[in-house]
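Working notes, structure below.
Each value in this text was obtained by applying a stated rule to the coordinates, not by laboratory testing. Keep in mind that what you see is a predicted model, and the values were worked out from it rather than measured. Neighbour counts run over all protein chains shown; Cβ positions are idealised from the backbone, glycine included.
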Ligand code: BGC
Ligand code: CA
């Protein structure tokens with residue numbers, strides 16, 4: 001049985017999410033506590049806001065979301081600049097966000113009551129485009145550059161959607177058959193991809209990360225010592241360490257960072273590219 005190790009230095013997050021790897025450092029957030037953490041052997045709080053649903057790396061720092069905006073944190077002077085100011089209904093907030101191979105940001109929203117399909121997936125470049133609607137909890141977006149595919153999760157559907165993707169135009173051009181993951185405990189949440197195109201899917205409520213090949217065949221299961229496993233990303237000098245974030249459960253357990261050595265190299269975290277945006 002493969003079991004991830006707890007990173008003992010990591011504090012208990014309420015909702016640990018959005019791990020990214022940039023220049024030898026792991027960053028992740030506690031969405032509900034509104035904190036960005038860095039981990040390079042030691043854990044530090046890098047930045048706080050009222051709520052921080054996701055981060056993506058960029059050349060000079062991080063791009064991060066609040067409930068309904070996207071901001072830019074510049075590391076060298078701790079400066080924060082507004083990139084996109086959105087207006088959502090009170091019960092709607094940003095959730096997961098990732099960049100495609102061109103550095104174009106895709107960020108989704110969710111119903112904070114986790115019931116109604118009131119959310120969307122947005123593409124944010126020189127304008128804001130809604131690319132998917134009727135989403136309840138937007139999660140897990142990742143691309144396979146070789147296969148020209150985008151994988152996407154709306155957690156309560158317990159499916160991984162598979163889209164044909166035009167990388168040149170950063171757009172969805174078709175949809176294939178989804179991968180049904182309803183036989184696993186919990187709901188699929190964040191996901192990442194390795195250099196062979198295998199998917200590493202965190203299961204919120206399922207205490208594991210399940211590894212699928214691109215066709216949806218189960219390759220293996222990685223056990224995590226927390227019920228709510230939220231997201232994962234590859235890092236380490238050789239890009240073979242899978243970092244896994246978790247959330248606290250209803251008993252107050254869980255929420256630490258975990259890691260496990262992988263046999264296959266992972267794909268690096270895609271950076272946000274400012275050249276795609278005329279707004280900046
Ligand atoms: C959301 C949580 C939600 C979980 C499971 C996460 O991405 O931030 O609020 O409970 O997905 O669907
Ligand atoms: Ca998530």
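Within region 164-185, take every residue that is under 25 Å from residue 245 (Cβ atoms) and free of Cβ contacts under 8 Å to residues at least 24 places away in the same chain and give me the one that is surrounded by the most Cβ atoms within 10 Å (Cβ to Cβ). Ranking the candidates gives 178 first.
Any residue at all in region 54-62 that is within 14 Å of ligand 1 (Cβ to nearest atom), within 17 Å of residue 271 (Cα to Cα), assigned to a loop (DSSP other than H, G, I, E, B) and in contact with a strand residue (DSSP E or B) (Cβ under 9 Å, 6 or more places away or on another chain)? Checked region 54-62: at least one residue is within 14 Å of ligand 1 (Cβ to nearest atom), within 17 Å of residue 271 (Cα to Cα), assigned to a loop (DSSP other than H, G, I, E, B) and in contact with a strand residue (DSSP E or B) (Cβ under 9 Å, 6 or more places away or on another chain).
Of the residues making up region 58-79, just one is surrounded by fewer than 18 Cβ atoms within 10 Å (Cβ to Cβ) and touching a residue at least 60 places away in the same chain (Cβ under 8 Å), namely 59. Filtered by the rule that a residue be crowded, with 19+ Cβ neighbours inside 10 Å and away from ligand 2 (no atom under 16 Å from the Cβ), region 130-148 gives 143, 144. Screening region 228-266 for residues that are within 16 Å of ligand 2 (Cβ to nearest atom) and over 18 Å from the mean Cα position of the chain (by Cα) and picking the one that is nearest to residue 41 (Cα to Cα) gives 254. Counting only strands (runs of 3 or more DSSP E) that sit completely within region 75-190, those holding 3 or more residues that are in contact with a strand residue (DSSP E or B) (Cβ under 8 Å, 6 or more places away or on another chain), at negative phi and within 16 Å of ligand 1 (Cβ to nearest atom) correspond to 92-99, 105-111, 119-124, 138-144, 149-154, 159-166.
Each row is one residue, and each column tells you yes or no for (1) assigned to a loop (DSSP other than H, G, I, E, B); (2) within 28 Å of residue 70 (Cα to Cα); (3) in contact (Cβ under 8 Å) with a residue 12 or more places away in the chain.
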{"residue": "193", "(1), (2), (3)": "no, yes, yes"}
{"residue": "221", "(1), (2), (3)": "no, no, yes"}
{"residue": "225", "(1), (2), (3)": "yes, no, yes"}
{"residue": "245", "(1), (2), (3)": "no, yes, yes"}
{"residue": "250", "(1), (2), (3)": "yes, no, no"}
{"residue": "269", "(1), (2), (3)": "yes, yes, yes"}
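Residue 193 meets each of the listed conditions (1) over 20 Å from residue 37 (Cα atoms); (2) out of contact with any strand residue (DSSP E or B) (no Cβ under 6 Å at 6 or more places or on another chain); (3) more than 16 Å from ligand 1 (Cβ to nearest atom) apart from (2).
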